[in-house]
Amino acid sequence: MMRIVLIRPGATEYAQQGRIQGVLEVPLSQEGTSEAARISGELSGMEIDVIYSSGCEHALETANAIATALGIKVKPLEGFQNLDHGLWQGMLVEEIKHKQPKVYRQWQDQPESVCPPGGETLNEAQERVRAVVKKLLRKHKHGTVGLVVPEPLASLLRAYLEQTDVGDLWRAGTVHGTWEIIEVEPRSLAHSS
């Protein structure tokens, strides 16, 4: 059995403003830095073998804070790059809601059916996640692995690990600075698509 500590990075100014960040490089805000420190303290007694992180700035900052507290290293993974929201990146969610109400509603209700202009679909992002997770499962069949992944990619990852539908992707809202443990039987995901 493999334990995954799924960690959502601390907040950024974009998250606090209600902006879509996507793959834009945005550092942790003051709140995000505090959240990273809090998570580091909460996880300090846990035995985590390795921390893998999205390569984005706020995820790496969060991962490095945790790794320092645990005395381990961070390994960035390109496959955990956040969902590319294309032309929506940098926009306020309220702007999209106002300018494209039908698309926004569909994005909320059936996110797997929408591709932001110039961005990628959830299916494309989920394929990246699956490929990375399958490699990690082969490498770490037992033990505990930390994964620092921003939203909404973290929810896609959780859906894959728990083998659930991505249709309720937004149920948790905008989540940052949190963590959860997911126990995974590597064989159960080895042949899943």
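So here's what we get for this one:
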item: Residues of the range 73-111 classified as closer than 30 Å to VAL145 by Cα and either surrounded by fewer than 16 Cβ atoms within 10 Å (Cβ to Cβ) or touching an Asp or Glu at 6+ places or on another chain (Cβ under 6 Å) (or both), total; result: 4
item: Restricting the range 37-81 to residues that are among the aliphatic types (A, V, I, L, M) and farther than 25 Å from LEU137 by Cβ, the residue that is modelled with the lowest pLDDT; result: ALA69
item: Elements of type helices (runs of 4 or more DSSP H) in the range 4-87, at least 3 residues being of a type in the set (Gly, Ala, Ser); result: 30-43, 57-70
item: Test for VAL148: is it closer than 30 Å to SER44 by Cα, out of contact with any His (no Cβ under 6 Å at 6 or more places or on another chain), β-branched (Val, Ile, Thr) and crowded, with 21+ Cβ neighbours inside 10 Å; result: yes
item: Residue in the range 149-169 that is at pLDDT below 90, in a loop (DSSP other than H, G, I, E, B), within 24 Å of PRO101 (Cβ to Cβ) and in contact with a Ser or Thr (Cβ under 8 Å, 6 or more places away or on another chain) present; result: yes
item: Any pair with Cβ under 8 angstrom, 6 or more apart, that starts in the range 22-48 at a residue that is in contact (Cβ under 8 Å) with a residue 12 or more places away in the chain and ends at one that is in a loop (DSSP other than H, G, I, E, B) and polar (S, T, N, Q); result: GLY22/ASN82; GLY22/GLN89; VAL23/GLN81; VAL23/ASN82; VAL23/GLN89; LEU24/GLN89
item: Answer residue from the range 89-105, given it is hydrophobic (A, V, I, L, M, F, W, C) and closer than 15 Å to GLY118 by Cα and is modelled with the lowest pLDDT among those; result: VAL103
item: Breaking point among (1) without any contact (Cβ under 8 Å) to a residue 24 or more places away in the chain; (2) over 25 Å from MET46 (Cβ atoms), for GLU162; result: (2)
item: Any pair with Cβ under 9 angstrom, 6 or more apart, that starts in the range 59-84 at a residue that is free of Cβ contacts under 8 Å to residues at least 40 places away in the same chain and basic (Lys, Arg) and ends at one that is surrounded by fewer than 24 Cβ atoms within 10 Å (Cβ to Cβ) and in a helix (DSSP H, G or I); result: LYS73/ALA67
item: Any hit, the range 24-46, residues being in contact with a helix residue (DSSP H, G or I) (Cβ under 7 Å, 6 or more places away or on another chain), under 21 Å from GLY119 (Cα atoms) and of a type in the set (S, T, N, Q); result: no
item: Checklist (1) in contact (Cβ under 8 Å) with a residue 40 or more places away in the chain; (2) not in a helix (DSSP H, G or I) applied to ILE96, failing item; result: (2)
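The values are calculated or read from the model by the stated rules, or taken from the named source; none is laboratory data. Keep in mind the model is a prediction, meaning the values are calculated, not measured. Quick reminder, even Gly has a Cβ in these numbers, built from the backbone with ideal geometry, and neighbours come from all protein chains shown.
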